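Contents: one structure, followed by commentary.
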Amino acid sequence: MNIPQSSFPRVVIIGGGFAGLAAAKGLEKQELQVVLIDKHNYHTFQPLLYQVATGGLEPDSIAFPLRKRFNDVDNFFFRLANVIKINPDKNEIETSIGNIDYDELIIATGSTTNFFGNTNIQKNTMEMKSVPQSLDIRSLILENFEEALLTSNLEERKALMNFVIVGGGPTGVELAGALAEMKKGILPKDYPDLDIRQMNINLIQSSGCILKGMSAKASEKAEDFLIKLGVNVWKNLRVLDYDGKIVTTNGEDNFRAETVIWAAGVKGEMVDGLEAECVIERAARIKVNEFNQVVNHPNIYAIGDVACMASKENPYGHPMMAQPAIQQGKLVAKNILAKIFNKKQKAFVYNDKGSMATIGRNKAVVDLPKWKFQGVFAWFVWMFVHLFSLIGFRNRAIVFLNWVYNYIRFDRETRLIIRPFKKKNKLS
């Protein structure tokens, strides 16, 4: 890897997401050698991926180069690579560009889409966990409308204009709201010779409410917002299969659709090499103690979505969201420094700052620990929090200007098919 030897302890971080970035920030400018490894050379602000998918933002406005964030930090090294395996007995990891040893290791690989073992659904649905996947969704949406213009088969046209989103969490709700706004104000102008009223947006949730992790009021209000926008909200309905044409459910309702977006679950992005007793196989998460140390491996830490710190309050671990990841990353950095300098490590206590979701223009729901509100004010709060959570002044400025322009003009300028996408590519 061409990383120089150093007299300082070497800390290797796998993953440049919310957790890994927070840990790296906490370790910068210390008497350490920090090596960050990621398969991308940028950090992605995942909460806004749905806006890339629906043409509201360009991908470079929610991504930030990892090298740029640390380009003035001595003893910091970034390497673009895939991690293949961890060898805990050798304090070494194997990557696509070579092996590297470590004194302390932080696993912050994040999460990936959970298809619950259904290979048909995995092959034929779209997922939205990365920038390339969001661009694929954007291309497919626009290509479907182009194809709908050309076909004289009414059933085929309806299928091309029928969208199914599986999963009623924040991702599914926000994506459904964004598509509904496209249907209302943008697509009729782009496709005047196509009856956009035939476009259907279906949000399918297996339980009895959407936004299950939020308050009952937030769930009810979000559903009300979606219905008023024209979204068909299906509750207590489970998707069993999708063959690329027909969505099969456990009820009487099946859907013929060319676009199905899977937002029904996530699991940890695992790395090979840890013993079976360290891993919860069902959720693909790594067991950690109150200091985020992996079971039986005191010099290996797991943080963020891939870590499961079970407790009475959280028997299945903390929510797989940005805030627990950031908080764990910050504390693990402090604990590694404490460990190196023979000081006492501090146990992790999650500070739940609340949750929020936007359903569209002037519509959002916000749950804070002592205050819950919905509507226009919640929408402004959502925008403020997300805007200032982005990395880099340029990204904040671009996103802000895009939002202002889109709000005034009721438009989404980036509805471009930059790279054509066909579902058959996913099968290869």
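The values are calculated or read from the model by the stated rules, or taken from the named source; none is laboratory data. Being a predicted model, the structure only gives us computed values, none of them experimental. FYI the Cβ positions are ideal-geometry reconstructions off the backbone, even for glycines, and counts take in every protein chain you see. Remember, those area values only see protein heavy atoms, side chains included, never the ligands or the DNA or RNA. Shrake-Rupley method; radii C 1.70, N 1.55, O 1.52, S 1.80 Å.
Quick look at the values:
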{"read-out": "Qualifying residue in the stretch 132-149 (condition: open to solvent by 10 Å² or more (accessible area, probe 1.4 Å), more than 25 Å from Asn335 (Cα to Cα), of a type outside the set (Phe, Trp, Tyr) and part of a loop (DSSP other than H, G, I, E, B))", "value": "no"}
{"read-out": "Which numbered condition Lys426 misses (of (1) modelled with pLDDT under 90; (2) under 21 Å from Asp190 (Cβ atoms); (3) surrounded by 12 or more Cβ atoms within 10 Å (Cβ to Cβ))", "value": "(2)"}
{"read-out": "Only listed residue being open to solvent by 60 Å² or more (accessible area, probe 1.4 Å), closer than 20 Å to Ala397 by Cβ and at pLDDT below 95, chosen from Asp60, Asp72", "value": "Asp60"}
{"read-out": "All positions within the stretch 249-271 that are open to solvent by 50 Å² or more (accessible area, probe 1.4 Å) and either within 22 Å of the chain's Cα centre (by Cα) or modelled with pLDDT of 95 or more (or both)", "value": "Arg256, Val266, Lys267, Glu269, Met270"}
{"read-out": "Those residues of the stretch 21-47 which are small (Gly, Ala, Ser) and on the phi > 0 side of the Ramachandran plot, in sequence order", "value": "none"}
{"read-out": "Filtered residues of the stretch 317-348 (kept if touching a Lys or Arg at 6+ places or on another chain (Cβ under 9 Å) and within 22 Å of Thr113 (Cβ to Cβ))", "value": "Gly317, Met320, Gln323"}
{"read-out": "Search result, residues across the stretch 97-128 that are more than 28 Å from Ile336 (Cβ to Cβ), open to solvent by 10 Å² or more (accessible area, probe 1.4 Å) and in a loop (DSSP other than H, G, I, E, B)", "value": "Asn114, Phe115, Phe116, Gly117, Asn118, Glu127, Met128"}
{"read-out": "Considering residues of the stretch 375-396 that are more than 21 Å from the chain's Cα centre (by Cα) and open to solvent by 70 Å² or more (accessible area, probe 1.4 Å) only, the residue nearest to Leu229 (Cα to Cα)", "value": "Val376"}
{"read-out": "Ala338 vs. criteria open to solvent by less than 30 Å² (accessible area, probe 1.4 Å), without any contact (Cβ under 8 Å) to a residue 12 or more places away in the chain, under 29 Å from Glu290 (Cα atoms) and not in a loop (DSSP other than H, G, I, E, B)", "value": "yes"}
{"read-out": "Selection count, the stretch 30-47, where residues are out of contact with any strand residue (DSSP E or B) (no Cβ under 8 Å at 6 or more places or on another chain) and crowded, with 21+ Cβ neighbours inside 10 Å", "value": "1"}
{"read-out": "The stretch 361-391: number of residues that are on the phi > 0 side of the Ramachandran plot and either in a strand (DSSP E or B) or not small (Gly, Ala, Ser) (or both)", "value": "1"}
{"read-out": "Filter result (closer than 29 Å to Tyr405 by Cβ and open to solvent by less than 50 Å² (accessible area, probe 1.4 Å)) within the stretch 355-373", "value": "Ser355, Met356, Ala357, Thr358, Ile359, Gly360, Asn362, Lys363, Ala364, Val365, Val366, Phe373"}
{"read-out": "Which numbered condition Thr358 fails, given (1) outside any strand (DSSP E or B); (2) among the hydroxyl-bearing types (Ser, Thr, Tyr); (3) within 20 Å of Ile227 (Cβ to Cβ)", "value": "(1)"}
{"read-out": "Filtered residues of the stretch 341-354 (kept if surrounded by 14 or more Cβ atoms within 10 Å (Cβ to Cβ) and of a type in the set (Phe, Trp, Tyr))", "value": "Phe348, Tyr350"}
{"read-out": "Within the stretch 272-293, considering residues that are charged (D, E, K, R) and under 15 Å from Lys85 (Cα atoms), the one nearest to the chain's Cα centre (by Cα)", "value": "Asp272"}
{"read-out": "Residue count, the stretch 208-223 (criterion: touching a Lys or Arg at 6+ places or on another chain (Cβ under 8 Å) and either buried (at least 23 other Cβ atoms within 10 Å of the Cβ) or assigned to a helix (DSSP H, G or I) (or both))", "value": "4"}
{"read-out": "Selection status of Asn406, in contact with a Ser or Thr (Cβ under 9 Å, 6 or more places away or on another chain), within 28 Å of Leu226 (Cα to Cα), assigned to a helix (DSSP H, G or I) and in contact (Cβ under 8 Å) with a residue 40 or more places away in the chain", "value": "no"}
{"read-out": "Those residues of the stretch 151-184 which are in contact (Cβ under 8 Å) with a residue 60 or more places away in the chain, more than 19 Å from Ile246 (Cα to Cα), in a helix (DSSP H, G or I) and open to solvent by 10 Å² or more (accessible area, probe 1.4 Å), in sequence order", "value": "Pro170, Thr171, Glu174, Glu181"}
{"read-out": "Residue that is over 27 Å from Asn362 (Cβ atoms) and either open to solvent by 40 Å² or more (accessible area, probe 1.4 Å) or touching a residue at least 40 places away in the same chain (Cβ under 8 Å) (or both), where the choices are Arg238, Arg197", "value": "Arg238"}
{"read-out": "Residues satisfying the stated conditions in the stretch 294-324, i.e. open to solvent by less than 40 Å² (accessible area, probe 1.4 Å) and either among the polar types (S, T, N, Q) or more than 21 Å from the chain's Cα centre (by Cα) (or both)", "value": "Val294, His297, Asn299, Ile300, Tyr301"}
